[in-house]
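J.: Quick one: the structure is below, and I'll ask about it shortly.
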Amino acid sequence: MEAKFYYKNAKAPVPNKPTSIGVVALIRSGDSVLLEKRMDSDRWAIIGGAIHLDESLVEGLIREVKEETGLKVQSVNLFGTFSDPSRIIAFPDGNVKRIITIAYEVEVEAYTELVCSEESRELRFIPREQLDKINIAETHIPIIQAYLENMSITLE
């Protein structure tokens, strides 16, 4: 079984666990965005994950970036909050959660390689013109769309 992502989908299952708060790191190189190919779904997603009970949003963001990429966060800037109640994830263990995601633009320290975690099949900077050609987790599509609109403004 694999994780299934739902966004504005009437066929989404009803959550059976409390709402989860997560963070994602929008890490850019030129006109490309760093994404991971998830092990639990074979879909591309933004780097990030759920916040632990004992950490702040930024602490969780720094931890997730380090765990999933090996990169050290240099600076963060709040990008946006994505809280549409139709954002649902059904996990392989049977847990179904509504998710609220806080997205940050993240600058990382200089690096020579990306290090995949056990949660990822692959890490790659995907050029903006290829983002609509890959299989992205439905809950991450609106975040990427908003970010691409913002990138258009800042690239010009």
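J.: Counting only residues that are in a loop (DSSP other than H, G, I, E, B) and without any contact (Cβ under 8 Å) to a residue 40 or more places away in the chain, which one in segment 56-74 is nearest to residue 115 (Cα to Cα)? Full working, then the answer.
T.: First, pick out the residues of segment 56-74 that are in a loop (DSSP other than H, G, I, E, B): 56, 70-72.
Retained after the next criterion (residues that are without any contact (Cβ under 8 Å) to a residue 40 or more places away in the chain): 56, 72.
Numbers: 56: 24, 72: 12 Å.
Within segment 56-74, the match that is nearest to residue 115 (Cα to Cα) is 72.
J.: Just a yes or no: is a residue in segment 113-125 within 17 Å of residue 31 (Cβ to Cβ) and at pLDDT 95 or above?
T.: Quick first cut of segment 113-125, residues within 17 Å of residue 31 (Cβ to Cβ) only: 124-125.
Subset that is at pLDDT 95 or above: 124-125.
Yes, there is a match, as at least one residue in segment 113-125 is within 17 Å of residue 31 (Cβ to Cβ) and at pLDDT 95 or above.
J.: With the requirement that a residue be in contact with a Lys or Arg (Cβ under 7 Å, 6 or more places away or on another chain), farther than 18 Å from residue 41 by Cβ and in contact (Cβ under 8 Å) with a residue 40 or more places away in the chain, what does segment 87-119 give you?
T.: 108, the sole residue that qualifies.
J.: Let me ask something else. Which numbered condition trips up residue 36, out of (1) under 24 Å from residue 133 (Cβ atoms); (2) over 15 Å from the mean Cα position of the chain (by Cα)?
T.: Answer for residue 36: the failing condition is (2).
J.: Please tell me if residue 117 is outside any loop (DSSP other than H, G, I, E, B), of a type in the set (Gly, Ala, Ser) and over 19 Å from residue 144 (Cα atoms).
T.: no
J.: Let me ask something else. Is there any pair linking a residue in segment 135-150 that is without any contact (Cβ under 8 Å) to a residue 12 or more places away in the chain and of a type in the set (A, V, I, L, M, F, W, C) to one that is surrounded by fewer than 15 Cβ atoms within 10 Å (Cβ to Cβ) and in a loop (DSSP other than H, G, I, E, B), with Cβ under 6 Å and at least six apart or on different chains, and which?
T.: Listed pairs, sorted by first residue: none to list.
J.: Please specify each residue of segment 31-55 satisfying the condition of being among the aliphatic types (A, V, I, L, M), in a loop (DSSP other than H, G, I, E, B) and in contact with a strand residue (DSSP E or B) (Cβ under 7 Å, 6 or more places away or on another chain). Don't jump to the end; show me each part of the working.
T.: From segment 31-55, those among the aliphatic types (A, V, I, L, M) are 33-35, 39, 45-47, 50-51, 53; that's our starting set.
When the remaining residues are screened for being in a loop (DSSP other than H, G, I, E, B), the result is 39, 51, 53.
Once the filter is applied, which keeps residues that are among the aliphatic types (A, V, I, L, M), in a loop (DSSP other than H, G, I, E, B) and in contact with a strand residue (DSSP E or B) (Cβ under 7 Å, 6 or more places away or on another chain), segment 31-55 yields 39, 51.
J.: State which residue is modelled with the lowest pLDDT when the search covers only segment 126-155 and only residues that are in contact with a strand residue (DSSP E or B) (Cβ under 9 Å, 6 or more places away or on another chain) and of a type in the set (S, T, N, Q).
T.: So the residue we want is 150.
J.: Now for a different question. Can you find even one residue in segment 18-31 that is at pLDDT below 95 and in contact with a Pro (Cβ under 9 Å, 6 or more places away or on another chain)?
T.: yes
J.: For segment 1-16, give me the residue count where each residue is farther than 26 Å from residue 78 by Cβ, surrounded by fewer than 17 Cβ atoms within 10 Å (Cβ to Cβ) and at pLDDT 95 or above.
T.: Number of matching residues: 6.
J.: Report, by residue number, each residue of segment 109-154 that is more than 22 Å from residue 70 (Cβ to Cβ) and touching a helix residue (DSSP H, G or I) at 6+ places or on another chain (Cβ under 8 Å).
T.: 128, 131, 136, 144, 148, 151
The values are calculated or read from the model by the stated rules, or taken from the named source; none is laboratory data. These numbers were taken from a predicted model, which means no experiment stands behind them. Ideal geometry is used to build each Cβ from the backbone, glycine not excepted, and the neighbour counts take in all protein chains shown.
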